[in-house]
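Colleague: Sharing a structure below in structure tokens format, with a few things to ask.
The values are calculated or read from the model by the stated rules, or taken from the named source; none is laboratory data. Quick caveat: nothing in here was measured; it's all calculated off a predicted structure. FYI the Cβ positions are ideal-geometry reconstructions off the backbone, even for glycines, and counts take in every protein chain you see.
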Amino acid sequence: MKIRIKFSKRGNIRFIGHLDMMRYFQKCMRRADIPIRYSDGFSPHQIMSFAAPLGLGTESDAEYMDIEITEDIDRAEAVKRLNDVMCDGVKVLDWKVMPDNSKTAMSQMESADYLVICGDVELAPLQKDEIPVTKENKKTGESKTVDIKPMIYEIHKVPEGVFMHIAQGSSANLKPSAVMELLGTGYDRIIRKEIYDSNGLTL
Amino acid sequence: MDKTFLSEDILLKVDKPARYIGNEINMCIKDPAEVDIRIAFCFPDVYEIGMSNIGMQIIYGMFNAREDTYCERVFSPWFDLDAIMRERHIPLFTLETQTPVRELDMLAFTMGYEMCYTNILQVLDLSGIPMYASDRTDSDPIVFGGGTCAYNPEPIADFFDFLYIGEAETRYDMVLDLFRKHKGDRKTFLREVSHIEGIYVPSLYEPAYNEDGTLRAFTPKYEDVPARVKRQTVIDMDSVRFIDRPVVPFIKVTQDRVVLEIMRGCIRGCRFCQAGMIYRPQREHSAEYLKKYAVKMLEITGADEISLSSLSSSDYSGIKELLDFLIEYTSKKKVNISLPSLRIDAFSLDVMNKVQDVKKSSLTFAAEAGTQRLRDVINKGITEEDIMSGSLEAFKGGWNKVKMYFMLGLPTETDEDRNGIGELCERIAENYYTIPREERNGKVQIQASSSFFVPKPFTPFQWAGMKTAAEYTEMAHQVKDHIREQLNQKCIRYAWHDPEVSVLEGVFARGDRRLSELIVTAYRNGCMYDAWSDSFRADLWKKSFEECGISPDFYNRERETDELLPWDFIDIGVSREFLEREWNNARLGRVTPNCRQQCAGCGARSFEGGVCFEDKN
Ligand code: SF4
């Protein structure tokens, strides 16, 4: 049975990288005695995948993780058991049974909302028809110019700083830090607020 | 807790910021205002190494079990952060409450290897605590230490206010009670604490030297200070409390698993092995205790692997019962078992077959020496017959990888012994090819490696001489050349440790108080993380020796049995007479039976427990 778990990652835990978060959750599954499915073989590992790695230092109110379980478990009970073993800063928000043929969160993800906490900022540099950005591929040394304007679906000021809805998926991917770089402003914190699929629905 | 001592820009700049933020599962949280004693507890190496240390977890749990005490952790900052801290004058801080170490009442070190000594200075220095105990005042924390290195504490004695000799479980409550009473009065506390058995206060003792540099006398400065310090030992192992809340790191640490300490001490009596002497007698946990403990630890940590820890797990009398239980439990729970230090025989092969992928795993033989003669000298109770029959059985079961561990530079060692290493490996390879081709799992792969013999205090070899780095390197080359002459040389790989490190280890292992100056000089010259081959700086150490006018040869020479040794004031329970007798037996090539075969009268019986009283009415 496929399960999608939503959780938040706030506070100091933002300094824990993606791979370590996976290891953290693997241990949590054991501590909470979740009947998670394992791969076969001599060193079985848990069937578990995340929607998208979160950069070191970034917080999130909406992280998604897919697992499989071998026996059904009540939603509220599962959320409670997991939250009982979480560390400060990580909270399980939802536990959802997915259809057997559903795609992984990783492949569904197309865009995300971010809140960037920062001082006053001028959004004018983005009010253009095209925003070409040149990126160099570190391995090949080739550089490529892409227009990132179509990847910014929405951006506006909020009391805390800037809110943006940008493309994040396999076809187009933009980093919130790259947008901030274009604006030429520093920032205190980036918080991922939500992740959406191609239909604009939350994962 | 959402507080970090380091700023965001620093944490995002350094490698693995998780090393410095605490907040792990099971981290102890207390209100510092509610306790009387605040201890910073340090393993002087990087976080991933320190957090893998079972002793650290035991003591952390033990101190925090006291209501009046809050013990927090601190580790050596890695090079990147170390540089930033120096540049910006940031003091070293604890993980739990992110408080400068200097603000706490005590700073404790646990020391497992000599190569951590410069890191002790790094921690003191970054904390803003004077390195030398004699420079500290009542406003400085009390600095104390324990662990394996405390059995010859002299090279680091000047840095410590007191040292604890022995196993932590027995006396620390008394020490902390006393500290609470005399908090703020360093002088009174240190004088009083020296009366507790097992506690050594270096400033209360005075060494005197002969003209040739050897020790003439080592005496307490006052009459009430005991002349000998007696090592502390737990007798009833099951009385030791569980580590009930082991801290579970976020990042991958060296031992990312539950470590089950099944016993302390060893019955074997290998003559080079310090652990085999200083932890005598062998004392076991009951299988019942261990089963309960294993389950509880796995449940509370969520670890996916458990490993047994002891000096020689096959000698644990409940090994079958324990492993039967663990194999069943872990296969249900999808937990791996790792089994270091099991003797290769039918039983262990059967166990390994159940818990490992035979194709990938390897057999390990700690033969230590290439010939039976030399194995008799070092009292290593493994015979060629054991190796041959064990490996043959394993080869038939599908194994094809063998790891062989040797030591070079052992007392009485000759060319023949060194050549014996290659020849033994060759016979193992030939052994493999005696099984029919269709039963073989490809080619045999033998990985031999040598470390260099380092004489350690409280072993029968504490008087033995050590070779120079150049001689060691030559020996290793001789072994390698001889391996290349073997028929199956293509199946044998050979590697050796850095001899410079071993030579330095030898100096500290048998050093005296005059070495503190050397350690400070080396640290000032930039030495740190000497246990890491990438950061070990042989050139800087050489320079430091010269600057201090100290010669490694003085410390690594062979010693006479009538010489007063810097660690002789410590009473480990194993008598000097026994060690001397064993030193003689070694040179005569005489084997001493293990404790279960026949008691050799080492003196440890005085602890009134353990193997000495097994099955004896
Ligand atoms: S007294 Fe005898 S049995 Fe006990 S540790 Fe010593 S040699 Fe072994």
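Colleague: Checking the conditions here, which among B:246, B:207 is buried (at least 17 other Cβ atoms within 10 Å of the Cβ) and not in a loop (DSSP other than H, G, I, E, B)?
Modeller: None of the other options fit; the residue is B:207.
Colleague: Oh, and also: Going by the conditions given, is residue B:544 away from the ligand (no atom under 16 Å from the Cβ) and assigned to a helix (DSSP H, G or I)? Quick ask: steps written out before the conclusion?
Modeller: Working: away from the ligand (no atom under 16 Å from the Cβ): yes; assigned to a helix (DSSP H, G or I): yes.
When the stated conditions are applied, residue B:544 passes them.
Colleague: Pairs only if they're at least six apart or on different chains, beta carbon under 6 angstrom, first in the range B:484-501 and without any contact (Cβ under 8 Å) to a residue 12 or more places away in the chain, second in a strand (DSSP E or B) and of a type in the set (A, V, I, L, M); list them, first residue then second.
Modeller: none
Colleague: Just to be sure before I move on: is residue B:311 crowded, with 22+ Cβ neighbours inside 10 Å, of a type in the set (A, V, I, L, M) and away from every other protein chain (no Cβ under 14 Å) in the structure I sent? Before the answer, list the steps.
Modeller: Working: crowded, with 22+ Cβ neighbours inside 10 Å: no; of a type in the set (A, V, I, L, M): yes; away from every other protein chain (no Cβ under 14 Å): yes.
In short, no.
Colleague: So which residues in the range B:327-373 are hydrophobic (A, V, I, L, M, F, W, C) and more than 25 Å from the chain's Cα centre (by Cα)?
Modeller: Hits for the range B:327-373 are B:327, B:335, B:346, B:347, B:349, B:351, B:352, B:355, B:358.
Colleague: Consider residue B:531 carefully, then state whether it is modelled with pLDDT under 95, of a type in the set (A, V, I, L, M) and surrounded by 15 or more Cβ atoms within 10 Å (Cβ to Cβ).
Modeller: yes
Colleague: Surrounded by fewer than 16 Cβ atoms within 10 Å (Cβ to Cβ), among the acidic types (Asp, Glu) and in a strand (DSSP E or B), is that true of residue A:181? Please lay out each step first, then the result.
Modeller: Details: surrounded by fewer than 16 Cβ atoms within 10 Å (Cβ to Cβ): yes; among the acidic types (Asp, Glu): yes; in a strand (DSSP E or B): no.
It is false that residue A:181 is surrounded by fewer than 16 Cβ atoms within 10 Å (Cβ to Cβ), among the acidic types (Asp, Glu) and in a strand (DSSP E or B).
Colleague: I'd like the residue in the range B:557-602 that is within 20 Å of residue B:409 (Cα to Cα), within 16 Å of the ligand (Cβ to nearest atom) and part of a loop (DSSP other than H, G, I, E, B) and, out of all such residues, is farthest from the other protein chains (Cβ to nearest Cβ).
Modeller: B:590
Colleague: Test residue B:298 against the criterion of being more than 16 Å from the ligand (Cβ to nearest atom), closer than 27 Å to residue A:19 by Cβ, free of Cβ contacts under 8 Å to residues at least 60 places away in the same chain and not aromatic (Phe, Trp, Tyr), and give yes or no.
Modeller: Yes, satisfied.
Colleague: Residue by residue through the range B:256-288, note down the ones that are more than 16 Å from the ligand (Cβ to nearest atom) and away from every other protein chain (no Cβ under 14 Å).
Modeller: Selection gives B:259, B:260, B:261, B:262, B:272, B:285, B:286, B:287, B:288.
Colleague: Give the range B:537-549 a look and list any residue that's surrounded by fewer than 19 Cβ atoms within 10 Å (Cβ to Cβ) and in contact with a helix residue (DSSP H, G or I) (Cβ under 6 Å, 6 or more places away or on another chain), or say none.
Modeller: The answer is B:538, B:547, B:548.
Colleague: Still on this structure, I have one more. Scan the range B:299-308 residue by residue and report those that are within 14 Å of another protein chain (Cβ to nearest Cβ) and in contact with an Asp or Glu (Cβ under 9 Å, 6 or more places away or on another chain).
Modeller: B:299, B:300, B:303, B:304, B:305 - these are the residues of the range B:299-308 that are within 14 Å of another protein chain (Cβ to nearest Cβ) and in contact with an Asp or Glu (Cβ under 9 Å, 6 or more places away or on another chain).
Colleague: Given the residues B:376, B:324, which is the only one that is surrounded by 17 or more Cβ atoms within 10 Å (Cβ to Cβ) and either away from the ligand (no atom under 16 Å from the Cβ) or away from chain A (no Cβ under 14 Å) (or both)? Talk me through it step by step, then tell me what you get.
Modeller: Details: B:324 fails: surrounded by 17 or more Cβ atoms within 10 Å (Cβ to Cβ).
Unique residue meeting the criteria: B:376.
Colleague: Then there's this: Go through the range B:229-273 and count every residue that is farther than 30 Å from residue A:85 by Cβ and of a type in the set (Phe, Trp, Tyr).
Modeller: 1
Colleague: Then there is this: Determine if the range A:129-145 includes at least one residue that is modelled with pLDDT of 90 or more, surrounded by 11 or more Cβ atoms within 10 Å (Cβ to Cβ) and either among the acidic types (Asp, Glu) or touching a strand residue (DSSP E or B) at 6+ places or on another chain (Cβ under 7 Å) (or both).
Modeller: For the range A:129-145, residues modelled with pLDDT of 90 or more, surrounded by 11 or more Cβ atoms within 10 Å (Cβ to Cβ) and either among the acidic types (Asp, Glu) or touching a strand residue (DSSP E or B) at 6+ places or on another chain (Cβ under 7 Å) (or both): absent.
Colleague: Scanning for something modelled with pLDDT under 95, more than 27 Å from residue A:21 (Cα to Cα) and aliphatic (A, V, I, L, M), does the range B:257-264 turn up at least one residue?
Modeller: Yes, the range B:257-264 contains a residue that is modelled with pLDDT under 95, more than 27 Å from residue A:21 (Cα to Cα) and aliphatic (A, V, I, L, M).
Colleague: Residues that are within 14 Å of chain A (Cβ to nearest Cβ), at least 1 per element: which helices (runs of 4 or more DSSP H) completely within the range B:1-66 meet that? First the steps, then the outcome.
Modeller: On the way: elements: B:8-13, B:47-50, B:54-64.
Here the list reads B:8-13, B:47-50.
Colleague: Test each condition in (1) more than 16 Å from the ligand (Cβ to nearest atom); (2) on the phi < 0 side of the Ramachandran plot; (3) under 25 Å from the mean Cα position of the chain (by Cα) for residue B:233 and report the one that comes out false.
Modeller: (1)
Colleague: So for the range B:270-286 (the condition being surrounded by fewer than 20 Cβ atoms within 10 Å (Cβ to Cβ) and more than 20 Å from residue B:148 (Cα to Cα)), does at least one residue qualify?
Modeller: Going residue by residue through the range B:270-286, those that are surrounded by fewer than 20 Cβ atoms within 10 Å (Cβ to Cβ) are B:275, B:286.
Add one more test, that the residue is more than 20 Å from residue B:148 (Cα to Cα), and what stays is B:286.
Looking for residues that are surrounded by fewer than 20 Cβ atoms within 10 Å (Cβ to Cβ) and more than 20 Å from residue B:148 (Cα to Cα), one finds at least one in the range B:270-286, hence yes.
Colleague: Also, I was wondering about something else. Consider residue B:291 against the criteria (1) within 14 Å of chain A (Cβ to nearest Cβ); (2) surrounded by 17 or more Cβ atoms within 10 Å (Cβ to Cβ); (3) free of Cβ contacts under 8 Å to residues at least 40 places away in the same chain: it satisfies all of them except one. Which criterion is unmet?
Modeller: Among (1) within 14 Å of chain A (Cβ to nearest Cβ); (2) surrounded by 17 or more Cβ atoms within 10 Å (Cβ to Cβ); (3) free of Cβ contacts under 8 Å to residues at least 40 places away in the same chain, residue B:291 violates only (1).
Colleague: Please pick out the residue among B:533, B:606, B:551, B:516 that is among the hydroxyl-bearing types (Ser, Thr, Tyr) and within 15 Å of the ligand (Cβ to nearest atom).
Modeller: Residue meeting the stated conditions: B:606.
Colleague: Another question, if that's okay. What's the number of the condition residue B:83 fails, among (1) in contact with a helix residue (DSSP H, G or I) (Cβ under 8 Å, 6 or more places away or on another chain); (2) farther than 25 Å from residue B:240 by Cα; (3) modelled with pLDDT of 95 or more?
Modeller: (1)
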